[in-house]
Amino acid sequence: MENSEIARIFHEIADLLEVKGDNPFRVRSYRNAALVVEGLPESLRTMAQKGAEGLMHIPGIGEGIREKILEMTRTGRCAFHDGLLKEVPQGILGILKVSGVGPRKAAVFFKELGITDVEGLEKAAKAQRLRTLTGFGEKSEERILKAIKDLRSMSGRANLGAAMQYAGAFQDYLKKIPGVTDCIPAGSLRRWKDSIGDIDILAACDEKAAAVMDGFAAYPDVRHVVSRGETKSTVMLNAGLQVDIRVIEKKSFGAALQYFTGSKAHNIALRDRAKRMGLKISEYGVFKEKSGAWAAGETEEDVYRSVGLPWIPPELRENRGEIEAAEEGRLPEMLDVKDIRGDLHVHTNESDGACSLEEMADGAIERGYAYMAVTDHSKAVGIAHGLDEKRVLAQIKRIDEFNEKLKKRGRKFTVLKGAEVDIRADGSLDHPDSVLDKLDCVLAAVHSGFSMSMSDMTERILKGIRSGKINILAHPTGRLISSREPYAVDMEKVMDEARKYGVALELNSYPDRLDLNDTHLALAREKGVPVVISTDAHSLRHFDNILYGVHTARRGWLEKKDVLNTRPLKELMKLLKRK
Ligand code: DGT
Ligand code: CA
Ligand code: CA
């Protein structure tokens, strides 16, 4: 079991306990554990090889949860979780995936109307039975029906973060098989696409492919082998992810890597170009069309060179003008994770984060950052324990004191005073101006009422921008990749207004958000709207998610100059001045 699966089970336990109406503290401890596990850099499976000892020093993990981790890494099951699944109908977990339906609502549907799965919920909404419940009306039924539709249209693809973990673990395993000389995940994963249909792994092999295929099928996390050939096999992992593997001779490895990295559209365009040059590109190599003579294939660079191009970074291979740009020497200068100097979206345990301000700051310092903005939620976001005016003022004081301490110790690090203020349904902000004026970095975001019409939602966000009180529009489309479609909003209008008011747009690096997406980022770049790449960290290890943000930015052709948090603090502070 990989960390993401263990985290998922802890989330499920928390959900199931909440549906049951269990003690909220207990619920919270499982949610916290899920956050911590999601963020661990090291595989729990590896850590648990030393037994409970190996799990001793994970912060925020107590004895009960440690035992469950041990059990899961050893047996692949959690008896406590299994027990809960016997008490609560399993279909209810499906209901929780419907956007806007949390454990409390699911419990009401179950107890009052006997609804135990998504199909039941859909039927009840269509039969107008939900409106018989207190607090539910015609609007809520419409919302739920739309959310069910969204959910159905999105299932079948995996979140990039989870797919990376599974691919990484599989890759480590394959590398150890004798005869394997190289092993790289290709496909959409190598292009860092925001959702992954299946994982494609290439293995270069110096002798018999059959031995590699045996090893591949024997991977402990394989649920079943879908198909098996001499050089190509497909398996299904326990987590429900499909993996294709191809075994390739060394001399064709570059050609195969190029081919299986895709995208299909990029490959077709590249092949057309080769044809015009009298060449033929296939997964086996580049060949002269007439004579069939071999031209290139060992490395990707060779393949691109053979058609007169420099190597094109995988993130750009979507046939969005990259071949022309490569030809004319106009490829973007690729952003690097080392270019990022600070994180401007960080939560602490004052709202729904797992760590204190001091712990998060230490984590940011450890990453080599020069600054970090603490941006806890405002009071409208009740489930996240959002801060009211009084608590924000107290936090400001605490940050000032903390910065003083850092200064005295000679640390070149600054905590910016910030907030993630809710943009309410009417476009007003959830903190008074007197509070916002005291902050260095105000994020604003929509957290509810997602089903507004496009014109209403656009107006709502424009009003937030026009307040002149915000610096950054956080997760601008509100999408959750595996469960919620973006809300309808006129992004061109939002960007034009943002530019006018000096408001930056966030690229939220959380793997389930990646919001803005690649095409919106390209639009921002075109329009000259500055972008901030943030992690929305709720725990220390979430800082690592910056990698997903940076690679998504690369997919949008963003360069260092387009990203505000690549600037040193002084320059950043000037840019954050509100207009
Ligand atoms: P996914 O799995 O849906 O997230 O997206 P990909 O891009 O990983 O697609 P996949 O797994 O179907 O195929 C991997 C790569 O193999 C794809 O990016 C390009 C290449 N490929 C697959 N089918 C074709 C094809 O019919 N023509 C060409 N030129 N390339 C193909
Ligand atoms: Ca794929
Ligand atoms: Ca595939």
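Do you know which of the residues in the stretch 183-201 that are part of a strand (DSSP E or B) and in contact with a helix residue (DSSP H, G or I) (Cβ under 6 Å, 6 or more places away or on another chain) is farthest from ligand 2 (Cβ to nearest atom)?
CYS183
Being outside any helix (DSSP H, G or I) and within 12 Å of ligand 3 (Cβ to nearest atom) is the filter; apply it to the stretch 236-262 and report the residue that is nearest to GLU327 (Cα to Cα).
The residue in question is GLY262.
So ASP117 passes all but one of these: (1) outside the structural domain of TRP192 (by TED's automatic domain parsing); (2) of a type outside the set (S, T, N, Q); (3) buried (at least 18 other Cβ atoms within 10 Å of the Cβ). Which condition number does it fail?
So the condition that ASP117 fails would be (3).
Could you tell me which residue of the stretch 191-228 is nearest to the chain's Cα centre (by Cα), considering only residues that are within 14 Å of ligand 3 (Cβ to nearest atom), surrounded by fewer than 21 Cβ atoms within 10 Å (Cβ to Cβ) and over 13 Å from TYR166 (Cβ atoms)?
SER195
Out of curiosity, is LEU270 assigned by TED's automatic domain parsing to the domain that holds ARG317, more than 10 Å from ligand 1 (Cβ to nearest atom) and not in a strand (DSSP E or B)?
no
Looking at SER99 and the list (1) at pLDDT 85 or above; (2) under 18 Å from GLY449 (Cβ atoms), which single condition is not satisfied?
(1)
Could you grab me the full set of residues in the stretch 444-476 that are in a helix (DSSP H, G or I), within 24 Å of GLY549 (Cβ to Cβ) and either within 23 Å of the chain's Cα centre (by Cα) or among the β-branched types (Val, Ile, Thr) (or both)?
Across the stretch 444-476, the qualifying residues are ILE461, ILE465.
Quick check on VAL235: is it away from ligand 2 (no atom under 16 Å from the Cβ), out of contact with any Pro (no Cβ under 8 Å at 6 or more places or on another chain) and not assigned by TED's automatic domain parsing to the domain that holds THR73?
In short, no.
Every residue in the stretch 349-363 that is within 17 Å of THR414 (Cα to Cα) and surrounded by 23 or more Cβ atoms within 10 Å (Cβ to Cβ), please.
Scanning the stretch 349-363 gives MET360, ALA361.
Please tell me if LYS175 is within 13 Å of ligand 1 (Cβ to nearest atom), closer than 25 Å to VAL303 by Cβ and surrounded by fewer than 18 Cβ atoms within 10 Å (Cβ to Cβ).
no
Since ALA79 meets every condition but one in (1) surrounded by 12 or more Cβ atoms within 10 Å (Cβ to Cβ); (2) without any contact (Cβ under 8 Å) to a residue 24 or more places away in the chain, which condition does it not meet?
(1)
Give the residue, chosen from SER263, SER291, that is away from ligand 2 (no atom under 16 Å from the Cβ) and either among the hydroxyl-bearing types (Ser, Thr, Tyr) or in contact with a Lys or Arg (Cβ under 6 Å, 6 or more places away or on another chain) (or both).
Result: SER291 is the single residue among SER263, SER291 that is away from ligand 2 (no atom under 16 Å from the Cβ) and either among the hydroxyl-bearing types (Ser, Thr, Tyr) or in contact with a Lys or Arg (Cβ under 6 Å, 6 or more places away or on another chain) (or both).
Can we say SER227 is among the small types (Gly, Ala, Ser) and either part of a strand (DSSP E or B) or on the phi > 0 side of the Ramachandran plot (or both)?
Answer is yes for this residue.
Counting residues that are of a type in the set (Ser, Thr, Tyr) and over 15 Å from ASP15 (Cβ atoms), which helices (runs of 4 or more DSSP H) fully inside the stretch 30-139 reach at least 2?
Per the criteria, 63-75.
With ALA48, ALA34 as the choices, which residue is over 23 Å from SER451 (Cα atoms), touching a His at 6+ places or on another chain (Cβ under 7 Å) and touching a residue at least 24 places away in the same chain (Cβ under 8 Å)?
After applying the criteria, what remains is ALA34.
Scan the stretch 404-426 residue by residue and report those that are assigned to a loop (DSSP other than H, G, I, E, B), in contact (Cβ under 8 Å) with a residue 12 or more places away in the chain and either in contact with a strand residue (DSSP E or B) (Cβ under 7 Å, 6 or more places away or on another chain) or over 19 Å from LEU462 (Cα atoms) (or both).
Result: ARG411, LYS412, PHE413.
The values are calculated or read from the model by the stated rules, or taken from the named source; none is laboratory data. Predicted model only: the values in this text are computed from it and were never measured. No Cβ is skipped: glycine too gets one built from the backbone with ideal geometry, and neighbour counts run over all protein chains shown.
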